[in-house]
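**Student:** First, the structure itself, so that you have it in front of you.
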Amino acid sequence: MSQFNSSIIWAFLVFTTIVYCSTHASECHIDDSDGYGRTFDGIGGISGGGATSRLLVNYPQQQLGEILDYLFKPDYGAALQILKVEIGGDSQTSEGTEASHMHDSWDENYKRGYEWWLMVEAKKRNPDILLYGLPWSFPGWVGQGTDSPYTNVTITADYIVRWIKGAKTYYNVTIDYIGIWNEKDYNVNYVLTLRKMLDENGLNQTKIVAADDKTWAIADDILKNSELADVVDFIGVHYPGTMSTGAAVQTGKQLWASEESGSAGPEYWARILNQNYINGQMTATIAWNLIAAYYDGLSFDRAGLMTAMQPWCGHYVVESPIWITAHTTQFTQPGWKYLKHGSGVGKLDKGGSFVAMSKNGVGLTIIIETMSSDHSLSTLIPSYYDQRQNVTFVLKGSFSKITSLAMWYTKLEFSGTPSVFFKQMSPVSVVNGTVTLELGIDEVYTLTTLKGGGHGNAPTPPPYQPFPLPYGENFEGYPENGEPNNFAQQVGSFEVVKSSDANRSKVLRQVVLEDPIDWCPYINLAFPLNVIGSVEWRDVHVEVEARTGEVNGSDSVFVANRVDQGGCQTFGAQGYFFFVFPEVQKYELTNDLSRTRLLKSGSVSVNADWNKLGLSTTVEGQVTGFLNGNLVFNVSTSNKPKAGFSAIGAGSFGISDFDNFEVSRTSQHVKGKGIRRDDTLYFKSFKGPAG
């Protein structure tokens with residue numbers, strides 16, 4: 001059967017078999033007498049895809065602990081049950097680049113990046129949380145001279161297995177699930193090889209989720225290939241619109257929405273958490289992304305379950321999807337069972353839905369949502385009707401002796417009245433096995449026999465403060481292979497290393513030597529780029545000491561202002577980029593990272609080793625460049641883009657080093673002489689994440 005035909009038949013079957021409550025009595029039966037439906041696998045969030053947690057790690061320890069509690073602590077906030085993380089591949093994957101544990105075939109290091117730390121912190125708060133790793137990109141060497149990770153599947157499988165083993169060896173965390181390649185083609189031979197190598201390395205407990213794509217196509221291959229069927233444990237699809245296919249169900253595999261939008265609004269999130277199972281029999285839903293801990297102005301502003309992008313002041317926002325998630329996660333656990341459609345799972349007569357779960361008759365939780373089509377309509381989910389309604393839930397089977405249910409309530413308001421989020425209400429009595437509720441529109445209810453639950457009690461976070469200026473960084477206070485606070489690498493991988501220069505202790509080094517196997521389709525427009533500050537900066541002066549490497553060096557280094565975006569954009573980053581080319585003794589001022597919009601160039605005396613680059617931009621459109629304290633150019637420009645980040649980087653992949661970075665308002669800068677002595681530089685000392 002073709003995928004097209006099976007999808008049509010499955011859609012027809014879903015349409016004709018979804019059970020609504022009785023139109024006459026508005027009764028919904030909650031009954032386990034005839035058994036259970038599928039096993040619930042959990043609700044989760046994704047850190048990665050990419051660098052979405054970058055600004056989280058250097059939050060003040062008090063606020064950092066509060067944020068992590070809201071995400072992972074049971075009976076407190078989101079109480080997430082799955083944490084999915086990116087396996088860094090040295091390539092831009094949305095909001096930035098996550099470092100690989102193996103930049104080259106001869107290089108293996110498990111101190112890089114922050115996903116290890118995040119998994120450890122999640123486990124501290126919830127030892128039962130399930131961990132899931134997925135690559136978005138791969139270092140170039142994995143492709144063996146090609147742009148595919150499947151050229152030698154043994155090399156790629158070994159690369160992934162080493163990451164899983166590193167998690168256990170260095171951080172004592174077990175990876176429960178492993179994916180294939182985010183939203184890219186899967187390769188059957190690779191999947192088979194990965195399973196074989198996992199087993200050979202004693203990683204039998206790590207299950208395979210395939211294929212993390214936007215279609216259910218792998219289900220057809222599973223039905224045709226018994227070997228593939230034996231090794232794929234879960235079928236994961238991104239943004240499925242609550243629907244699976246007949247072929248997917250026929251495989252008998254657990255079906256997951258392995259990436260969903262956690263930021264499309266609380267009403268959308270509430271709807272899909274129920275209806276992914278009701279319509280598509282999906283037993284896990286994982287939000288991209290876990291937390292918007294990256295700068296505004298990058299690819300997807302504030303697309304997280306929470307927002308935390310001001311580590312310099314500790315400000316964060318507990319967004320509404322946290323409390324929608326809590327309605328399910330605080331009162332269930334992976335391993336519980338959904339009741340069957342028609343006996344605890346279904347649609348409400350006048351709009352909305354309900355799902356009931358139990359641990360084999362011990363404990364009962366019912367989640368009800370009445371999201372209106374006005375507020376939760378998406379291109380993936382069709383319109384529907386919604387009205388106020390009275391609904392009676394009739395408890396039968398092993399639930400017939402329940403006499404009371406705890407109730408938690410959310411009311412979403414869209415007309416200026418404050419919404420109510422996850423409020424504990426008075427328990428409701430079960431009379432003669434029934435509970436009747438008057439349901440409004442845009443509401444969420446949880447009815448449960450469990451006595452826990454909590455709304456969190458952290459103090460109000462500090463108020464928002466803009467990025468502090470002037471600001472300086474000498475890279476001395478970081479461990480080797482660490483990433484400096486507040487820098488957000490967009491292309492390439494920058495890490496702190498010991499300097500080979502006797503006059504310096506540590507420097508920041510761009511270490512990627514060749515093009516990675518990319519996830520982002522536009523990455524060919526970009527060179528190594530590391531941004532900092534605010535996308536709203538206009539009149540700033542930035543300077544840095546930099547050099548290209550003697551061996552495997554880049555061809556140039558640069559400083560930049562008004563960088564308007566990261567590296568995964570259709571037309572590449574725009575801004576003002578001051579490149580210096582030591583080997584050929586020249587400079588370029590360009591209006592874009594890809595060097596296609598040349599504003600000025602010429603010969604200049606460049607040191608063979610370290611050089612100090614400075615760049616000023618003013619609101620009037622003047623762009624001024626300095627090299628080693630000497631004026632190189634002063635150009636009047638079109639003043640576009642109007643604002644953007646400051647940045648450092650290189651004009652090609654290869655080694656380049658940076659030290660003594662400073663940024664200030666242009667008015668604070670004395671041309672060619674650096675920051676005025678009476679201005680206090682803001683050096684953020686590194687204290688590490690909360691431990």
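The values are calculated or read from the model by the stated rules, or taken from the named source; none is laboratory data. All values reported here derive from a predicted model rather than from experimental measurement. Cβ coordinates were reconstructed from backbone atoms using ideal geometry, including for glycine residues, and neighbour counts include every protein chain displayed.
**Student:** Is it the case that some residue within region 278-301 is in the same structural domain as Gly342 (by TED's automatic domain parsing), assigned to a loop (DSSP other than H, G, I, E, B), of a type in the set (D, E, K, R) and free of Cβ contacts under 8 Å to residues at least 40 places away in the same chain?
**Tutor:** Let us first name the residues in region 278-301 that are in the same structural domain as Gly342 (by TED's automatic domain parsing), namely 278-301.
Adding the requirement that they be assigned to a loop (DSSP other than H, G, I, E, B) leaves 281, 289-290, 293-301.
With of a type in the set (D, E, K, R) added as a condition, the list becomes 296, 301.
Next, from what is left, pick out any that are free of Cβ contacts under 8 Å to residues at least 40 places away in the same chain: 301.
Yes, region 278-301 has at least one match.
**Student:** Then there's this: Of the residues that make up region 337-346, is at least one in contact (Cβ under 8 Å) with a residue 12 or more places away in the chain, part of a loop (DSSP other than H, G, I, E, B) and among the hydrophobic types (A, V, I, L, M, F, W, C)? Reasoning before the result, please.
**Tutor:** Of the residues in region 337-346, the ones in contact (Cβ under 8 Å) with a residue 12 or more places away in the chain are 337-346.
Then keep just the ones that are part of a loop (DSSP other than H, G, I, E, B); that gives 340, 342-344.
Add one more test, that the residue is among the hydrophobic types (A, V, I, L, M, F, W, C), and what stays is none.
Looking through region 337-346, none of the residues is in contact (Cβ under 8 Å) with a residue 12 or more places away in the chain, part of a loop (DSSP other than H, G, I, E, B) and among the hydrophobic types (A, V, I, L, M, F, W, C).
**Student:** Whether any residue in region 661-683 is at pLDDT 50 or above and closer than 30 Å to Gly140 by Cβ is what I want to check. Lay out the reasoning, then the answer.
**Tutor:** Initial filter on region 661-683 (at pLDDT 50 or above): 661-669.
Now restrict to residues that are closer than 30 Å to Gly140 by Cβ: 661.
Scanning region 661-683, I find at least one residue that is at pLDDT 50 or above and closer than 30 Å to Gly140 by Cβ, so the answer is yes.
**Student:** Also: Counting only residues that are in contact (Cβ under 8 Å) with a residue 60 or more places away in the chain, assigned to a strand (DSSP E or B) and either more than 29 Å from the chain's Cα centre (by Cα) or surrounded by 22 or more Cβ atoms within 10 Å (Cβ to Cβ) (or both), how many does region 624-662 have? Walk me through it before giving the result.
**Tutor:** Taking region 624-662 first, the residues in contact (Cβ under 8 Å) with a residue 60 or more places away in the chain are 626, 637, 640-662.
Now restrict to residues that are assigned to a strand (DSSP E or B): 626, 645-650, 655-662.
Next, only the ones that are either more than 29 Å from the chain's Cα centre (by Cα) or surrounded by 22 or more Cβ atoms within 10 Å (Cβ to Cβ) (or both) stay: 626, 645-650, 656-662.
So the answer is 14.
**Student:** Also: Filter region 90-145 down to residues that are assigned to a helix (DSSP H, G or I) and charged (D, E, K, R) and give me whichever is nearest to Glu495 (Cα to Cα).
**Tutor:** Restricting attention to region 90-145, the residues satisfying the condition of being assigned to a helix (DSSP H, G or I) are 115-125, 140-143.
Pick out the ones that are also charged (D, E, K, R) and you get 115, 121, 123-125.
Values: Glu115: 15, Glu121: 22, Lys123: 26, Lys124: 27, Arg125: 29 Å.
That would be Glu115.
**Student:** Considering only region 255-277, state which residues are free of Cβ contacts under 8 Å to residues at least 60 places away in the same chain, crowded, with 24+ Cβ neighbours inside 10 Å and in a strand (DSSP E or B).
**Tutor:** We begin by selecting, within region 255-277, every residue free of Cβ contacts under 8 Å to residues at least 60 places away in the same chain; these are 255, 257, 260-261, 263, 269, 276.
From the residues that got through so far, the ones that are crowded, with 24+ Cβ neighbours inside 10 Å too are 255, 257, 260, 269, 276.
Passing the criteria: Leu255, Ala257, Glu260.
**Student:** A follow-up question, please. In this structure, is Asp213 among the acidic types (Asp, Glu) and surrounded by 16 or more Cβ atoms within 10 Å (Cβ to Cβ)? I'd like the intermediate steps shown before the answer.
**Tutor:** Working: among the acidic types (Asp, Glu): yes; surrounded by 16 or more Cβ atoms within 10 Å (Cβ to Cβ): yes.
The answer is yes for Asp213.
**Student:** Which residue, of Phe558, Phe571, Phe577, is within 21 Å of Asn530 (Cα to Cα) and surrounded by fewer than 20 Cβ atoms within 10 Å (Cβ to Cβ)? Explain how you work it out, then say what you get.
**Tutor:** Working: Phe558 fails: surrounded by fewer than 20 Cβ atoms within 10 Å (Cβ to Cβ); Phe577 fails: surrounded by fewer than 20 Cβ atoms within 10 Å (Cβ to Cβ).
Result: Phe571 is the single residue among Phe558, Phe571, Phe577 that is within 21 Å of Asn530 (Cα to Cα) and surrounded by fewer than 20 Cβ atoms within 10 Å (Cβ to Cβ).
**Student:** Hey, another quick one. Could you please find all residues in region 404-437 being without any contact (Cβ under 8 Å) to a residue 24 or more places away in the chain and not aliphatic (A, V, I, L, M)?
**Tutor:** Of everything in region 404-437, those that are without any contact (Cβ under 8 Å) to a residue 24 or more places away in the chain and not aliphatic (A, V, I, L, M) turn out to be Ser415, Gly416, Thr417, Pro418, Ser426, Pro427, Asn432.
**Student:** If you don't mind, another one. What do you reckon, is Pro461 surrounded by 16 or more Cβ atoms within 10 Å (Cβ to Cβ), at pLDDT 95 or above, more than 30 Å from Asp90 (Cβ to Cβ) and outside the structural domain of Pro139 (by TED's automatic domain parsing)?
**Tutor:** Working: surrounded by 16 or more Cβ atoms within 10 Å (Cβ to Cβ): yes; at pLDDT 95 or above: yes; more than 30 Å from Asp90 (Cβ to Cβ): yes; outside the structural domain of Pro139 (by TED's automatic domain parsing): yes.
Considered against the rule, which asks whether it is surrounded by 16 or more Cβ atoms within 10 Å (Cβ to Cβ), at pLDDT 95 or above, more than 30 Å from Asp90 (Cβ to Cβ) and outside the structural domain of Pro139 (by TED's automatic domain parsing), Pro461 comes out as yes.
**Student:** Under 7 Å by Cβ, and 6 or more places apart or on different chains, what pairs join a residue from region 451-470 that is among the polar types (S, T, N, Q) with one that is in a loop (DSSP other than H, G, I, E, B) and modelled with pLDDT of 95 or more?
**Tutor:** If the second residue must be in a loop (DSSP other than H, G, I, E, B) and modelled with pLDDT of 95 or more, the pairs left are Gln465/Trp312; Gln465/Cys313.
**Student:** Which residue pairs have Cβ atoms under 8 Å apart, sit 6 or more places apart or on different chains, and have a first residue in region 506-517 that is farther than 21 Å from Val142 by Cβ and a second that is among the hydroxyl-bearing types (Ser, Thr, Tyr) and modelled with pLDDT under 95?
**Tutor:** Lys506/Ser499; Val507/Ser499
**Student:** Another question about this same structure. In region 172-205, which residue that is outside any loop (DSSP other than H, G, I, E, B) and within 19 Å of the chain's Cα centre (by Cα) is surrounded by the fewest Cβ atoms within 10 Å (Cβ to Cβ)? Before you say what the answer is, go through the steps one by one.
**Tutor:** Pass one, region 172-205, residues outside any loop (DSSP other than H, G, I, E, B): 177-178, 188-200.
Now narrow it down to the ones that are within 19 Å of the chain's Cα centre (by Cα): 177-178.
Numbers: Tyr177: 22, Ile178: 25.
By that ranking, first place goes to Tyr177.
**Student:** Moving on to the next point. Being in contact with a Pro (Cβ under 8 Å, 6 or more places away or on another chain), at negative phi and at pLDDT below 95, is that true of even one residue in region 244-264?
**Tutor:** Yes, the conditions are met somewhere in region 244-264.
**Student:** Are any of the residues in region 306-322 surrounded by fewer than 24 Cβ atoms within 10 Å (Cβ to Cβ) and over 25 Å from Thr52 (Cα atoms)?
**Tutor:** No: region 306-322 contains no residue that is surrounded by fewer than 24 Cβ atoms within 10 Å (Cβ to Cβ) and over 25 Å from Thr52 (Cα atoms).
**Student:** Do we find a residue being in a helix (DSSP H, G or I) and crowded, with 19+ Cβ neighbours inside 10 Å anywhere in region 376-393?
**Tutor:** Pass one, region 376-393, residues in a helix (DSSP H, G or I): 376.
Restricting the remaining residues to those that are crowded, with 19+ Cβ neighbours inside 10 Å gives 376.
Within region 376-393, one or more residues are in a helix (DSSP H, G or I) and crowded, with 19+ Cβ neighbours inside 10 Å.
**Student:** Let me ask something else about it. What pairs come out if I take residues in region 582-610 that are assigned by TED's automatic domain parsing to the domain that holds Asn639 and modelled with pLDDT of 95 or more and pair them with residues that are loosely packed, with under 12 Cβ neighbours inside 10 Å and hydroxyl-bearing (Ser, Thr, Tyr) whose C-beta lies under 9 Å away, six or more apart or interchain?
**Tutor:** Partner pairs satisfying both residue conditions: Val584/Ser603; Gln585/Ser603; Gln585/Ser605; Lys586/Ser603; Tyr587/Ser603; Thr590/Thr596; Asn591/Ser638.
**Student:** Shifting gears a bit: Tell me which of these Ala303 doesn't satisfy, since it passes every other one: (1) more than 30 Å from Val491 (Cβ to Cβ); (2) crowded, with 21+ Cβ neighbours inside 10 Å; (3) of a type outside the set (Val, Ile, Thr); (4) at pLDDT below 95.
**Tutor:** Of everything listed in (1) more than 30 Å from Val491 (Cβ to Cβ); (2) crowded, with 21+ Cβ neighbours inside 10 Å; (3) of a type outside the set (Val, Ile, Thr); (4) at pLDDT below 95, Ala303 misses just condition (1).
**Student:** A further question follows. Of (1) modelled with pLDDT under 95; (2) of a type outside the set (Phe, Trp, Tyr); (3) assigned to a helix (DSSP H, G or I), Ala25 satisfies all except one. Which?
**Tutor:** (3)
**Student:** For region 488-516, how many residues are surrounded by fewer than 24 Cβ atoms within 10 Å (Cβ to Cβ) and more than 19 Å from Ala647 (Cβ to Cβ)?
**Tutor:** Qualifying residue count, region 488-516: 13.
**Student:** Still on this model: Working carefully through the options Arg509, Arg504, Arg538, find the one that is within 26 Å of Ser667 (Cβ to Cβ) and not assigned by TED's automatic domain parsing to the domain that holds Pro139.
**Tutor:** Details: Arg509 fails: within 26 Å of Ser667 (Cβ to Cβ); Arg504 fails: within 26 Å of Ser667 (Cβ to Cβ).
Answer to the selection: Arg538.
**Student:** Same structure, new question: From the set of residues in region 206-228 that are under 20 Å from Thr154 (Cα atoms) and not in a strand (DSSP E or B), which is farthest from the chain's Cα centre (by Cα)?
**Tutor:** For region 206-228, the residue satisfying everything is Glu227.
**Student:** Considering region 227-244 alone, what residues qualify as being closer than 18 Å to Ile178 by Cβ and crowded, with 18+ Cβ neighbours inside 10 Å?
**Tutor:** Answer for region 227-244, where residues must be closer than 18 Å to Ile178 by Cβ and crowded, with 18+ Cβ neighbours inside 10 Å: Leu228, Val231, Val232, Phe234, Ile235, Gly236, Val237, His238.
**Student:** Return the only residue of Thr325, Thr365 being in a helix (DSSP H, G or I) and at pLDDT 95 or above. Write out each step before concluding.
**Tutor:** Values: Thr365 fails: in a helix (DSSP H, G or I).
Selected residue: Thr325, the only one of Thr325, Thr365 that is in a helix (DSSP H, G or I) and at pLDDT 95 or above.
**Student:** Does Val19 meet the test of being modelled with pLDDT under 95 and β-branched (Val, Ile, Thr)? Please lay out each step first, then the result.
**Tutor:** Working: modelled with pLDDT under 95: yes; β-branched (Val, Ile, Thr): yes.
Against the criterion (modelled with pLDDT under 95 and β-branched (Val, Ile, Thr)), Val19 qualifies.
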